[in-house]
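**Q** My questions will all concern the structure given below.
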Amino acid sequence: MELLTIFLSAGCLIGLIGVLVFLFLSKSSMDQRKAAHDATLQTSLDAQAQYLNNLTGQMDNLRNSLTEQLTRDSKNMSDRMALQMGQIDQKLAAVHQGLGEMQGLAASVGDLQKVLSNVKTRGNLGEFQLEALLSEILAPTQYEKNVATKPGSNTRVEFAVHIPTEDGSRVLLPIDSKFPGDTYAALVDAQEANKPDLVESARNALITTIKNEAKDVSEKYLAPPHTSNFAIIFLPFEGLYAEVVQQPNFLETLQRNYSVTIAGPSTMVALLNSLQMSYQTIAIQKQTNDILQVLQAVKAEMPKYRDKLIEARKRLGSLEKTLDELITTRTNMMERKLKDISLPEQYRTEPKEIESTTVSKSAIDKAAIEETVETTVDVIPE
């Protein structure tokens, strides 16, 4: 029993020792693992700390870059905004100026409407425009203003152009400006309202007005041969002229019944340029006639001039013959006479060279020719 107890006690003691050894070994292993784990953890912590430091540096660099970029962008945005605001201010100033000009234009349009609503001022407008065209193309002596073209009548046409003629006689071309503003305005209003019935009615009224004006001009201002056989009615606006000329056979009717031609601004310019060319043509013809008269006079004098030249040539031939005789026959005779003349011995001295007094034939010929030419010029008539 005691032995069993001893064995049991020894077994318990051995088990306890094994447990203690196991616990010791386990603790040592755990300490090693803990140390290794702590080292690994420390290494990881150090690496993470280094990474965090690097990340912090990168974040600082990125923050600085973003700050600089935002600063530049903010400055550029401010500059662009300031430039755009300046441009907007300029555009607003231009718009304000344009509004002022539009107000002035509206006032001018209102004044123009007042002018066009008055019959007398409408007529003055057409007259001023016609006078501007005449003064620009023709000379002041080529047209007259407010002139009575019909003999025995005090009725005066606004303008009369001198038509050039070959004989230089005075023929006047009457030109009168007309502006039926009321009927034309009614036609324009009807066209803008797109009312065909009113358009047709207003157009007929305009044609009737122009026809009556043509009849009045024909009766008051035409009196051939003191005037031309036709007159011109000037319409100061191209739109009005277009409405008149687009009527079928209307211009032919006016020319046939009343001897009146309708002209707008561009047509009037063409007519006046044609008249100016006529003036130049007449002037050229007159100068041509003067030149022909001069040539005829020269032709009549040519036979006389030729006879005088023949006479001068005969005189030159006679003079040349006389000079030849002087140089040869007479000179030889004088030399023979002077040959026997000599000085006594006591009066002789050493001979000296003296200039020859003999005149050469060329010098004599030159002097004779000059004298003959002067004589010929004197005998030729101017």
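Every number here is computed from the coordinates shown, using simple stated rules; none is lab data. None of the values given here were measured: they were computed from a predicted structure. Neighbour counts run over all protein chains shown; Cβ positions are idealised from the backbone, glycine included.
**Q** If the only charges are +1 at each Lys and Arg Cβ and -1 at each Asp and Glu Cβ, what is the size of the charge dipole of segment 2-86 around the Cα centre, to the nearest 20 debye?
**A** In debye, rounded to 20, segment 2-86 gives about 220.
**Q** Show me the GluC sites (Glu not before Pro) within segment 141-174 that DSSP assigns to loop and that have at most 16 other Cβ atoms within 10 Å of their Cβ.
**A** Answer by residue number: 166.
**Q** For segment 47-64, list residues with backbone N below 19 Å from a point placed 7 Å from the Cα of residue 74 toward its Cβ?
**A** From segment 47-64, the list is 60-64.
**Q** Determine the gain in length on full extension of the stretch residue 5-residue 136; use 0.36 nm per residue of separation and subtract their C-alpha separation, reporting nm with one decimal.
**A** 31.4 nm
**Q** Amide H of residue 143 versus every other amide H placed in the peptide plane: which residues, excluding those fewer than 5 positions away on the same chain, fall under 5 Å?
**A** Result for residue 143 returns 162.
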